[in-house]
1. Please label the shape of the stretch 99-158 as rounded, prolate or oblate, based on the square roots a ≥ b ≥ c of the eigenvalues of the alpha-carbon gyration tensor (a/c under 1.5 means rounded; beyond that, a/b larger than b/c means prolate, else oblate).
2. With every protein chain left in place, what is the accessible area of Phe269 in Å² (1.4 Å probe, nearest 10)?
3. How many nm separate the modelled label positions at Glu146 and Arg371, each set 7 Å beyond the Cα in the direction of the Cβ?
4. Roughly how much of Ile539 is accessible, in Å² to the nearest 10, using a 1.4 Å probe?
5. Apply the a/c threshold of 1.5 to the C-alpha gyration tensor of the stretch 176-262 and tell me whether it is rounded, prolate or oblate.
6. Please determine, in degrees from 0 to 90 and to the nearest 10, the orientation of helix 374-393 with respect to the longest principal axis defined by the Cα atoms of the chain, where the helix direction is its Cα long axis.
7. What angle, in degrees between 0 and 90 and rounded to the nearest 10, separates the Cα long axis of helix 99-118 from the longest principal axis of the Cα atoms of the chain?
8. With the cut-off at 1.5 for a/c, could you classify the stretch 384-438 from its C-alpha gyration tensor as rounded, prolate or oblate?
Amino acid sequence: MRKSILSLFFSVFFLSSYAQELEVDVQIENPSKVINDGFVELDVRGGTPPYQYKWSNQQTPLDASRAGALVEGVEYTVTITDAANNSVTKTVKVPAEAITEHFNGTFAPIVASMGSVLFWDPFSAIGIYDPVVYADIKRVAAPNWEARAEGRFVLKEWLKAEGERVEEGEPIAIVLQDGEEETQAYANATGTLEYLVKEGGVIYNSENVEHVIEQGAHYLAAIRYDQPVPLLHPNGDLQQKDIPFIVIWLVLGALFFTIRMGFINIRGFKHALDLAKGKYDDPNAPGQVTHFQALATAVSGTVGLGNIAGVAVAISLGGAGATMWMILAGLLGMSSKFVECTLGVKYRFINSEGRVFGGPMNYLRYGLEKRNMGGFGKFLAVFFAILAIGASFGGGNMFQANQSFVILAGEFPALVGNGFLFGVVVAILVGIVIIGGISSIAKVTGKVVPIMAAIYILGALVVIGVNIENIGPAFAAIWDGAFSPSALKGGVIGVLIVGFQRAAFSNEAGVGSAAIAHSAAKTHHPPSEGFVALLEPFIDTVVVCTLTALVLIFTGMHEVEGVGGVELTSTAFGSVISWFPYVLAAAVFLFAFSTMISWSYYGMRAWTYLFGKSKNMELLYKALFLVFVVVGASVSLGAVLDFSDMMILAMSFPNIIGLYIMSGEVRRDLKEYSRKLKAGELFHNPSKERVKKAS
């Protein structure tokens, strides 16, 4: 008997010990040559089910044994934990096979490293604030409601009293849709119930303009948590609203230059328009292009996908309130453009053939050399040039070719699978323009930019005009969202940072790229081109980005979830003008095309700074640039493109350091220029004067 009991005891002990051992079979698949489509599936045995899976990939839920959309060639970890708290950790990697997958997998860790620097949050690092996103309440939406929903939702009856504690999943109200269909609304969290609508009251009516525009008009109740709850990513990581260092760097720089130059962005606006219209164009002045052509070239380098897709991202992340902070960032950025483009002209070099070589490379080197900082200036100039070349091949080239192909293929299915041929055609078109140099580039952008901007602005105005009755609620939503956003949007700081970040990415104020184009302007007076340049962020951000935001808000598309980027903007336009998505696709192509030819000039000037100013070196750069056009349209390079975009932002580090040091010099030049302007000592274009008098 005793032996039987001991035998049974040891059997149970053995089985329980064995059951605690977690065995994991790992299946790794790379289904195609398309990047980021690898997946890992786990088969777990033993232990005590259910199992929890903590993946390093933030988008994979805790209950998912399968992780998809993984980057090939990059290691991921997963910790499997059973109900008895036994755990085992596995490291997995989807093998890269295609060349594009090897490229993508190599650059992904580099992008992550750059991101840790560019998007590092110094404020949370030193404990000034907690970046974790907390929610005080969770709001309950009307059942069956979705953005752009038609119908009338009325709260027929409350099933729970206000102030009563409710459990997640409990029915709390009966909602009547269109006067017929009754649906129960359920608590989506545990906490104290707060009414947002009285019995018999209208929750949402699609015919009520204010309901369509107002963010969150479709909510009937709020459930207040016992204490704030941190929001989590699907894998269980805490959600954070960081204040990225690069955004602080750009915005504080813009604020400093705005104050240092005496709010030149406001008081210099009228004179900037006069200069752009050619009132002070001197045909005998040194340079290669007019003020307007230089402005068009620079604008073509910034106005693009950031204004269409980037704004949609800002609105979907930060709500309508992000629009106000985008506008403010654009206004401040005008001062940064003034400073960098004034210096770009002042320190340019014009050779015996009349070709201009200018930009941050020149003023960083020679401007600092004047201050006995020659070694530091050379380092900053070389650092900037390296970043600019990388950015021109990636963000200014491959990204544009790739995204324009994706967008056009989405509207014209015949293009699907023909990325290589598309790239060849675009490369030929780009080549025809850039082989001719800055004069050829300026002539094309001088025509293409106004046309594409006019098409886009006209379409936006039509959408806004059709919904003009929404203007009051729209601006109310922007104002309210800027200062009292939902906790789910990350608070005021979260909305502010989203707005500033998208504006900084879009107009590139402080990055230094525009100074290369503006340095070629015909002028005797460097500050004159600074005035022209300050119009660029105004056009790019204050006008074009704001119009995009208003289109999204006026049409109610800012409430759509699960759709972002250019698709959201296209849908918003299509809701009013059914055929406009095709026009938008064409406009996006023109935006991308003009950005490519502008960035070819930026990259070439950086290239010649490093490798010499001979025509052979220029032709070598142009040939490489055209090859990358084809590559960008043919394949998806994922992290390579992200890396290139980050290089554009990284250009602001050496550039703004130089601008700070030389800001006093620019201020003195501005005072002298203003004196000459008041004294009438500046050249007046007589042909422009006659046109003005005749009109």
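1. oblate
2. Accessible area, nearest 10 Å²: 60 Å².
3. 5.8
4. Accessible area, nearest 10 Å²: 60 Å².
5. Because a/c hits 1.5 or more and a/b fails to exceed b/c, the stretch 176-262 counts as oblate.
6. 60
7. 80
8. Cα axes put the stretch 384-438 in the oblate bin.
The values are calculated or read from the model by the stated rules, or taken from the named source; none is laboratory data. Please read all numbers here as calculations on a predicted model, not as lab measurements. We place every Cβ from the backbone using ideal geometry, glycine too, and count neighbours over all the protein chains shown. These area figures cover heavy atoms from the full protein model, side chains too; ligands, DNA and RNA do not enter into them. Shrake-Rupley method; radii C 1.70, N 1.55, O 1.52, S 1.80 Å.
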